[in-house]
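Below is one structure, written out as structure tokens, with a few remarks after it.
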Number of protein chains: 2
Amino acid sequence: MPQTVSPLARPFPAIPPIAGVTLRVARAGYKDWGRCDLTYVELAQGTSVAGVFTRNVCCSSEVELGRTNLAQGQARALVVNAGNSNAFTGYRGREAVEAIMDQVAAHLDCAREQVFVSSTGVIGVPLPKDKAKTGVSAALTEQPCSWEDAANTIGTTDTFAKGVAARAVVGGKPVTLGAIIKGSGMIAPDMATMLGFIFTDCAVEPAFLQDVLSAANRDTFSCITVDSDTSTSDTVLAFATGKAGNVPLTGFDSAGADAFAAALHDVCRQLAHLVVRDGEGARKFISVYVTGASSDHSARKVGLAIANSPLVKTAIAGEDANWGRVVMAVGKAGEPADRDTLSIGFGGTWCARNGLPVAGYDEGPVSAHLKGQEITIDVDLGIGNGRATVWTCDLTHGYISINADYRS
Amino acid sequence: MPQTVSPLARPFPAIPPIAGVTLRVARAGYKDWGRCDLTYVELAQGTSVAGVFTRNVCCSSEVELGRTNLAQGQARALVVNAGNSNAFTGYRGREAVEAIMDQVAAHLDCAREQVFVSSTGVIGVPLPKDKAKTGVSAALTEQPCSWEDAANTIGTTDTFAKGVAARAVVGGKPVTLGAIIKGSGMIAPDMATMLGFIFTDCAVEPAFLQDVLSAANRDTFSCITVDSDTSTSDTVLAFATGKAGNVPLTGFDSAGADAFAAALHDVCRQLAHLVVRDGEGARKFISVYVTGASSDHSARKVGLAIANSPLVKTAIAGEDANWGRVVMAVGKAGEPADRDTLSIGFGGTWCARNGLPVAGYDEGPVSAHLKGQEITIDVDLGIGNGRATVWTCDLTHGYISINADYRS
């Protein structure tokens, strides 16, 4: 946790134990930083797994192998390396991941495809096999740790540990969801976010777990952006141990499927927001509400054009009600829009309606709103019923300071 | 010229007088800044005009009217307002532009479609008609001014006056080109740049002038980016007075057409570079050379993904040879690429070749290169013959300082 804690941070929640999930952390020493940097999660036999991954063409071996492993639908373990993303490291990087999979599979006596590995950190340096082996060996025999310890251990430039808990009743049985996530930069949609791991004791068939996760991803992780940059490693995995004893969910017709899907969606939304709240240099959390678009898809693209605009983000940082920059961002999105039906507002106050500044517009309430930490931008395109919400943070000196001196 | 002069600035060149072009400046007082802010250029009868404009859907009335006016191919005057972009100001903004056109047309006894107006500055405030009228009246009777005076007067957040001169021999006649441009932020391709005005005494038919300008735009203004944001007002106009006495150019078969096109292309490239050199907060000028792409179009998209990446631009600002961020940007471009044929270098030194870090890679020469002001990034995709060059600047604290406090 090298930086000052984000002013938008949230306290780590109380996440109860989840049957079939055991967390351990250890020191692999990927960097010379005197902290745990390897997280090992052991999962009960019969655990279902689903995942969504970065669309970056230059993805890491971890992402490639993870996609492949998903096909068999079961997971027994997760290993997360912090400090080295192992991306763009060719066959040597791939060998390092396979060595971890083999080591854990031998320990658990399972197929190596049931061992999932994620890595985060600098690009272009092969994950050192010896350090990984030492770290995994240590983790296998460590005492179990807390959710917060695991959340801290998967972090790199994160300034606070991020976790979410939720409960639902599925087929008459109480089920629990617990999740941790890391990420604060190189964050953009299509698969937005960093490394996120969701665990539940609910019994869910892998295919349905994938359906629910993919649907949740579309409205949550794919609707956040910090800097428009898409990591080579972005991964969200969901693991369902089945220990809650409910009849396994196989589709939306299953009893309690809606409740489970709603809980998972809520967890994903909260996780996504936590990543924005730790956006590098962020001082304000911005919700962009787009309505009146030609379609939901179009609304999301307009929202992202606004949320990715450096000029909009610096205006918010400067607490400047510069709605003209929002007009510019709408116009550059390349989506259907009509200047003469466009309305723009901040914090519930319209600055411009139907292509004209509001008569007698009083900037007072808008200026007061912009001084706060939670900012809303309202955009109504006035041409259809499409809508979307996108979340981002402001662009500040802190972002420059962090990123102009990351590796050194 | 409110900011400290960019460290990448170039001295204003000696631009000779161009027959048929008379420059004048005056004070309209669009802002309370005690400087000339209205530029008036009178053009000889028979002047051809061509133009390229922003693709921003929410473009200004100036852009809409300029596009319409181009149809008749002739220009007698140009008026440039600085301090107010008049964008997103509805019918009131449009009336203000039409009033300027009428006032000048009456003075010159020409069709109002032959009067071109450009405005730059804050969005959403209608251009005040009374100030425009006063400013135009003053300009009509002012003494002619220098190219540098005009270049200064069209500027807003620019930190130095930007101009380019070129000569060519067309059909045995020497012709001169002179050009001025303004722009330092809200700059992105598809039509990249701000307000640029090119003048020549060469005789060129309007349709061919448009062909030459459009072709030059594709490889110059459309290949620069400062912050990925596309202005609502971006305009480049070319005016050819025909006073050089050459046989009018009608196509590439005309004698001297190649020489003229090459000179115009060179002027556009230099103008585009000057805008990047005045990029808000810029301290380094970055050339991104992309080769081996599946097509030239694809190469340009990859180049722009790199040039628009905040993480790449902050790494350059930090003089950090973080080629992993270039890998990331290539991967997110959404263009054909293969991690295992990708090569990345800085300043002529390869850091990674064919998907692997270079064996025995010595960061020394790269680090030395990054300490300079003129940075090159080389990317070879290794899958085809497509190539493109894109220019940008680094992303620094200066950008945040300028944009988080622009309007106040």
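The values are calculated or read from the model by the stated rules, or taken from the named source; none is laboratory data. Quick caveat, the model's predicted, so the values are computed rather than measured. Cβ sites come from the backbone with ideal geometry, for glycine too, and all protein chains shown count toward neighbours.
Values for this structure:
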read-out	value
Of all residues in segment A:80-100 being more than 19 Å from the chain's Cα centre (by Cα) and farther than 18 Å from residue A:58 by Cβ, the one that is farthest from the other protein chains (Cβ to nearest Cβ)	A:100
From A:313, A:301, residue being under 16 Å from residue B:57 (Cα atoms) and either in a strand (DSSP E or B) or among the charged types (D, E, K, R) (or both)	A:301
Verdict on residue A:216 being under 27 Å from residue B:339 (Cβ atoms), surrounded by 24 or more Cβ atoms within 10 Å (Cβ to Cβ) and of a type outside the set (S, T, N, Q)	no
Residue selected from segment A:196-248 under the condition in contact with a helix residue (DSSP H, G or I) (Cβ under 6 Å, 6 or more places away or on another chain), among the β-branched types (Val, Ile, Thr) and part of a loop (DSSP other than H, G, I, E, B), by the criterion nearest to residue A:49 (Cα to Cα)	A:220
Qualifying residue in segment A:249-260 (condition: part of a loop (DSSP other than H, G, I, E, B), in the same structural domain as residue A:78 (by TED's automatic domain parsing) and under 15 Å from residue A:176 (Cβ atoms))	yes
Tally of residues being away from chain A (no Cβ under 12 Å) and of a type outside the set (A, V, I, L, M, F, W, C) across segment B:299-346	4
Residue match in segment A:291-298 (condition: at negative phi and assigned to a strand (DSSP E or B))	yes
Residue that is farther than 29 Å from residue B:180 by Cα and surrounded by fewer than 24 Cβ atoms within 10 Å (Cβ to Cβ), where the choices are B:287, B:295	B:295
Residue A:69 away from every other protein chain (no Cβ under 14 Å) and without any contact (Cβ under 8 Å) to a residue 60 or more places away in the chain	yes
Qualifying residue in segment A:137-144 (condition: closer than 30 Å to residue A:254 by Cβ and of a type outside the set (D, E, K, R))	no
Residue count, segment A:12-34 (criterion: assigned to a loop (DSSP other than H, G, I, E, B) and either touching a Leu at 6+ places or on another chain (Cβ under 6 Å) or in contact (Cβ under 8 Å) with a residue 40 or more places away in the chain (or both))	14
Wholly enclosed helices (runs of 4 or more DSSP H) of segment B:87-164 bearing at least 3 residues of a type in the set (A, V, I, L, M, F, W, C) and in contact with a helix residue (DSSP H, G or I) (Cβ under 7 Å, 6 or more places away or on another chain)	B:90-108, B:129-141
Of the criteria (1) under 30 Å from residue A:284 (Cα atoms); (2) in contact with a Lys or Arg (Cβ under 7 Å, 6 or more places away or on another chain); (3) surrounded by 23 or more Cβ atoms within 10 Å (Cβ to Cβ), which one residue B:390 fails	(1)
Pick from segment B:347-366, criterion facing chain A (nearest Cβ under 10 Å) and either over 34 Å from the mean Cα position of the chain (by Cα) or within 17 Å of residue A:60 (Cα to Cα) (or both), ranking: surrounded by the most Cβ atoms within 10 Å (Cβ to Cβ)	B:352
Residues (in a loop (DSSP other than H, G, I, E, B), under 19 Å from residue B:376 (Cβ atoms) and not basic (Lys, Arg)) located in segment B:270-290	B:279, B:282
Members of segment B:320-344 that are at pLDDT 95 or above and closer than 29 Å to residue B:400 by Cα	B:344
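Residue-by-condition table, conditions (1) under 30 Å from residue B:325 (Cα atoms); (2) outside the structural domain of residue A:136 (by TED's automatic domain parsing); (3) buried (at least 20 other Cβ atoms within 10 Å of the Cβ):
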site	(1), (2), (3)
A:4	yes, yes, no
A:11	no, yes, no
A:14	no, yes, no
A:38	yes, no, yes
A:45	no, no, no
A:48	no, no, yes
